[in-house]
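J.: My structure is below; once you've seen it, I'll send some questions.
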Amino acid sequence: MSENSNWKTRGDKVFIGTYSRFPAAMVRGEGCRLWDADGREYLDFLAGIAVCSLGHCHPAVTEAVCRQAGTLMHVSNLFYTAPQIELAELLTAHSFADKVFMANSGAEANEAALKLARIHSGPGRYEVISLTGSFHGRTLATVAATGQPRFHQGFEPLPHGFVHAEFGEMESLERLIGDRTCAIMCEPLQGESGVRPLEPEYLAAIRKLCDRHNLLLIFDEVQTGMGRTGTLFAYEQLGVTPDILTLAKAMGNGLPIGVMLTREDIAASLTVGTHASTFGGNPVAAAAGVAVLKLMLADGFLAGVREKGEYLAGRLADVARRFPALASGVRGRGLLLGLVLTEKGREQGPAIVQGMFEQGVLINFAGNSVLRFIPPLIVSREETDRMIAALVHVLGGLA
Ligand SMILES: *Cc1c(COP(=O)(O)O)cnc(C)c1O
């Protein structure tokens with residue numbers, strides 16, 4: 001029996017079955033590469049679901065984490081700590097925001113945003129409008145905000161105060177605004193439901209609607225933030241500034257951390273005792289965040305992401321042209337890209353991902369519509385070329 005299948009057997013016996021996993025137990029990572037328990041090497045175009053953006057075990061992040069873990073691991077938010085303050089200073093210096101709340105995950109950052117929107121808007125104004133196809137997390141409130149019925153099934157009744165407007169349609173959004181509405185929440189580019197960008201004109205119209213009706217605009221940049229789309233935050237290149245911004249995935253390069261950012265006037269609504277997290281902004285996770293931000297803000301890093309993204313998008317467009325029966329085009333921004341599959345291609349989605357896995361390349365099938373490519377932001381041309389060669393091989397076997 002291989003080491004992998006041994007771990008699989010043991011894991012399946014003890015874990016609640018909420019995940020469908022690749023049949024591999026990962027033991028080590030470096031840059032864009034992973035190794036499993038049998039010593040097999042993988043080229044990683046998933047990056048722990050858009051998390052390990054600086055590559056696995058980036059030396060500067062590992063060093064910061066180890067140093068902090070050997071100095072002070074946790075004290076709670078009853079005290080100040082230097083890493084947490086440094087991280088908040090970096091985030092506010094490089095965004096529209098003045099104030100930060102720290103949590104441990106994307107869903108928790110969004111929970112904080114939803115609570116802030118309600119308390120800030122006052123009694124009776126509590127309803128949040130989000131979009132169909134959105135993904136905001138798996139807690140009860142964030143799953144209620146998530147505009148995909150398949151995530152709701154079996155968990156009803158969901159917390160009320162969440163309604164969903166049709167993706168891309170302004171009339172649908174306007175129709176839902178009423179006396180109870182306090183906020184509109186969206187991802188500038190929907191990741192989980194198939195790498196679906198919101199057009200800048202659409203986002204500008206949403207911003208206008210929020211201003212006209214005195215609603216807060218919440219951008220969930222848990223996936224698009226932290227350099228993924230080629231700017232530190234996606235909103236910077238879309239010409240629309242939100243009132244509240246949430247971040248998580250890539251912030252700790254693998255350590256769990258999530259943050260909610262907002263302006264001072266809005267933040268003032270959350271006073272002592274209104275919200276809290278025991279671990280939020282933990283010194284070790286925050287030290288990782290500081291190291292990540294410093295690396296991403298270094299000269300040329302974000303320009304490099306844009307350049308790498310253009311290269312990957314170009315190579316994927318070639319693949320789409322070569323296999324028109326399976327793929328119809330490419331969409332996304334920066335290094336959050338999707339190869340859009342045709343109806344025939346969609347049927348093969350899981351088989352393509354499996355075929356790539358057998359070739360030693362990790363990708364996934366998102367929203368039952370695209371192959372999603374979210375490599376570490378340090379991916380090289382040579383690594384992109386190797387991934388493309390594997391993709392051509394796998395698609396060639398199906399066409
Ligand atoms: C992943 C994701 C979340 C949830 O983050 P967790 O850390 O899994 O709770 C929320 N919103 C978006 C856009 C995401 O991609």
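The values are calculated or read from the model by the stated rules, or taken from the named source; none is laboratory data. Since we're looking at a predicted model, the values are computed, not measured. Every residue, glycine among them, receives a Cβ derived from its backbone with ideal geometry; neighbour counts consider all protein chains shown. These accessible areas exclude ligands, DNA and RNA; they are computed on the full protein's heavy atoms, side chains included. Shrake-Rupley method; radii C 1.70, N 1.55, O 1.52, S 1.80 Å.
J.: How large is the dipole of segment 72-296 about the Cα centre if only Lys and Arg carry +1 and Asp and Glu carry -1, each at its Cβ, rounded to the nearest 20 debye?
T.: 340
J.: Moving on. Rounded to the nearest 20 debye, what is the charge dipole size of segment 4-111 about its Cα centre when +1 sits on each Lys and Arg Cβ and -1 on each Asp and Glu Cβ?
T.: On the way: 9 positive and 12 negative charges, 90 e Å.
It works out to roughly 440 debye.
J.: Order the following by accessible area, largest value first: GLU30, GLU187, GLU111. Probe radius 1.4 Å; ligands, DNA and RNA are ignored.
T.: Listed by decreasing accessible area, they come as GLU30, GLU111, GLU187.
J.: Using a probe radius of 1.4 Å on heavy atoms only, what accessible surface per residue do you get for segment 72-296? Whole Å² is fine.
T.: Value for segment 72-296: 40 Å² per residue.
J.: Tell me, what is the percent relative contact order of segment 188-239, built from C-alpha pairs under 8 Å that lie six or more residues apart?
T.: Here the relative contact order equals 33 percent.
J.: From the phi angles alone, apply the Karplus equation (6.51, -1.76, 1.60; θ = phi - 60°) to segment 89-103 and give each ³J(HN,Hα) in whole Hz, x where the residue is Gly or Pro.
T.: Rounded to whole hertz, the list is 5, 5, 5, 6, 5, 10, 9, 6, 8, 10, 9, 9, 10, 9, 10.
J.: Pairs LYS8/LYS294; LYS99/LYS294; LYS115/LYS249; LYS115/LYS308; LYS99/LYS208; LYS8/LYS308: which are spaced more than 29 Å apart, C-alpha to C-alpha?
T.: Over 29 Å apart, Cα to Cα: LYS8/LYS294; LYS115/LYS308; LYS8/LYS308.
J.: Over the residues of the chain, compute the C-alpha Rg and express it relative to 2.2 N^0.38 Å.
T.: Taking the Cα Rg and dividing by 2.2 N^0.38 Å, one obtains 0.98.
J.: Also, I was wondering about something else. With +1 assigned to the C-beta of every Lys and Arg and -1 to the C-beta of every Asp and Glu, and no other charges, what is the dipole magnitude of the chain about the Cα centre in debye, to the nearest 20?
T.: 500
J.: Additional query: Probe radius 1.4 Å, ligands and nucleic acids ignored: give me the carbon and sulfur share of the accessible area of segment 253-394 as a rounded percent.
T.: Working: 2990 of 5670 Å².
The computed percentage sits at 53.
J.: Any idea which of ASN364, ALA399, SER328 is furthest toward the positive side of the dipole for segment 322-399, if Lys and Arg beta-carbons carry +1 and Asp and Glu beta-carbons -1?
T.: Of the candidates, SER328 comes out farthest on the positive side.
J.: Between LYS13 and ALA268, 0.36 nm times their residue separation minus their Cα-Cα distance comes to what?
T.: Fully extending the segment from LYS13 to ALA268 adds 87.0 nm.
J.: Once you put a point 7 Å from the Cα of SER172 and another 7 Å from the Cα of GLU86, both along the Cβ direction, what distance in nm separates them?
T.: About 4.5 nm separates the two model spin labels.
J.: Counting only the heavy atoms of the protein chains, how much of TYR126 is accessible to a 1.4 Å probe, in Å² to the nearest 10?
T.: Approximately 60 Å² for this residue.
J.: Also: Which one, THR139, ALA351, HIS275, is farthest towards the positive end of the dipole of the chain when Lys and Arg carry +1 and Asp and Glu -1 on their Cβ?
T.: Value computed over the given set: ALA351.
J.: Using a probe of 1.4 angstrom, how much of the accessible area of segment 1-128 is carbon and sulfur, in percent?
T.: Within segment 1-128, the accessible surface is 59 percent carbon and sulfur.
J.: Please report the accessible area of GLU127 (heavy atoms, 1.4 Å probe, ligands and nucleic acids excluded) in Å², nearest 10.
T.: Answer for GLU127: close to 20 Å² accessible.
J.: Heavy-atom accessible area of ARG10 with all protein chains present, probe 1.4 Å, nearest 10 Å²?
T.: 130
J.: Multiply the residue separation of GLU307 and SER5 by 0.36 nm, subtract the distance between their alpha-carbon atoms, and state the gained length in nm to one decimal.
T.: That works out to 104.8 nm of additional length.
J.: Which is farthest toward the positive dipole end of the chain among VAL195, THR81, LEU91, measuring Cα position about the Cα centre, with Cβ charges +1 (Lys, Arg) and -1 (Asp, Glu)?
T.: Farthest towards the positive pole: VAL195.
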